[in-house]
Amino acid sequence: MGPLPSEFNLKPIDRVHHSQLSYLDFLQNYHMKDIPVIITNYTDGTPLRKWNLDRMKAECGSTQTHIFERIPQTISMLQGEIRRQFDDEIKQAFNMSLEEILEELRKRRPLSEFIDIIQKPNNFRPSYFHLAHYVWPMEIHDKSILTTCKPFYDDVFYPKYVPRNDYKRIELWDKAVHPRFFAAPELSRAYPTHRHGEDEHSMLLMLQGRKRYVNWRWDQAPYLYEVDLGSSSETGDTPYMANPFTNDITKQPDLTKATGWDGIVEPGDLLYVPRGIHIVENLSAVLAVSFIHQFDEKDAQWNYEKAIEGAEKNTDTPIKTYMAQVACHTLNRCKSEHHVQSRLEKLCEDASWLLTTVDTTCSDIGF
């Protein structure tokens, strides 16, 4: 798979071996700056290296499940002209009616049936210039590993780059913090270009197959063809029609004004997905695990503790620099996002106090 058209202004995502990227390097060079990174060889020597779609089918194939429900729910809410356009596009692209696709998406099936579908060749080649093109073929995305395949869950470990990586000890009712899995056929896309909630970062651990990933910062949104779905927008995600995987740059000329990052995620790679806007294409049948977390007081506390720990091991960088970096990152968030400031007022105050304590300013360290 070659590079995307140079007119799209996409830098290659850094690929760094996990042994060469400490938590503090990750925090300073990527997390604080909202820059994606691919951390390589992350499953080496771990039980996860042996997990793939065939093993899931063998060990958990009888589990009754369904794809994540928000897609049929979202489509069902569409009305009027938008609904009619969906019908027309789906019939043209997939030779099926919208109701037929919704019926398939709602079905509960054994996991083995889903995996058989995912591993079949994908004969559909829509243009992906309409939201309807992302509805099919069938994929499994954002499903709980714990409730779908317990042996798989038992082998999952949280990456060292995820704050508070003791999530597996949290009560089962708090489903949002549990690792989830994605499984999809070749040459498919689960979602159009989209952004999650403002505070949401995630990591994706590839176990099988390859994905192509493109990321833009939020300030590039004016060039990405935002779609207004009103009340039917799924769970607060904002969709865009930007399609950087096409070679026809004339269809979306504003996309050439945006700048971002592009990379291919291989088996064993850990992809850091910063808050921002992104799109993913599955280059082959894939199985991946996702870890999602949101910025809050406990993240900051974790970062402070890691800063102290790292400074004690790294005599070349004073402790006050590490602490100031974390504090300035926090203050930038407080100033730029009013919902963060109101929700985390105490944290913002703590960050200001911390800067005073280490006797430095954000400009001193380049913020």
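Summary table below
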read-out: Filtered residues of the range 220-244 (kept if modelled with pLDDT of 90 or more and open to solvent by 30 Å² or more (accessible area, probe 1.4 Å)); value: 222, 223, 225
read-out: Residue within the range 27-42 that is assigned to a helix (DSSP H, G or I), open to solvent by less than 70 Å² (accessible area, probe 1.4 Å) and of a type in the set (A, V, I, L, M, F, W, C) present; value: yes
read-out: Checking residue 87 against (1) within 21 Å of residue 48 (Cα to Cα); (2) in a helix (DSSP H, G or I); (3) at pLDDT 80 or above, the condition it does not meet; value: (1)
read-out: Filtered residues of the range 113-171 (kept if assigned to a helix (DSSP H, G or I), at pLDDT below 80 and under 30 Å from residue 32 (Cβ atoms)); value: 167, 168, 169
read-out: Among residues of the range 76-121, those that are among the basic types (Lys, Arg) and surrounded by 16 or more Cβ atoms within 10 Å (Cβ to Cβ), counted; value: 1
read-out: Filtered residue count, the range 85-109, keeping only those that are aliphatic (A, V, I, L, M) and farther than 15 Å from residue 131 by Cβ; value: 1
read-out: Residue check for residue 59: modelled with pLDDT under 85 and acidic (Asp, Glu); value: no
read-out: Test set (1) out of contact with any strand residue (DSSP E or B) (no Cβ under 8 Å at 6 or more places or on another chain); (2) modelled with pLDDT of 85 or more; (3) among the acidic types (Asp, Glu); (4) open to solvent by 60 Å² or more (accessible area, probe 1.4 Å) - residue 254 fails condition number; value: (4)
read-out: Members of the range 104-115 found to be in contact (Cβ under 8 Å) with a residue 40 or more places away in the chain, under 23 Å from residue 54 (Cα atoms) and under 25 Å from the mean Cα position of the chain (by Cα), listed by number; value: 111, 114, 115
read-out: Counted residues, the range 188-219 - those being open to solvent by 40 Å² or more (accessible area, probe 1.4 Å), at pLDDT 90 or above and either aliphatic (A, V, I, L, M) or part of a loop (DSSP other than H, G, I, E, B) (or both); value: 2
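The values are calculated or read from the model by the stated rules, or taken from the named source; none is laboratory data. If you're wondering where the values come from, they're calculated on a predicted model, not measured in any experiment. Positions of Cβ are generated from backbone atoms using ideal geometry, with glycine treated the same way; all protein chains shown enter the neighbour counts. Side chains included, ligands, DNA and RNA excluded: accessible areas come from the protein's heavy atoms. Shrake-Rupley method; radii C 1.70, N 1.55, O 1.52, S 1.80 Å.
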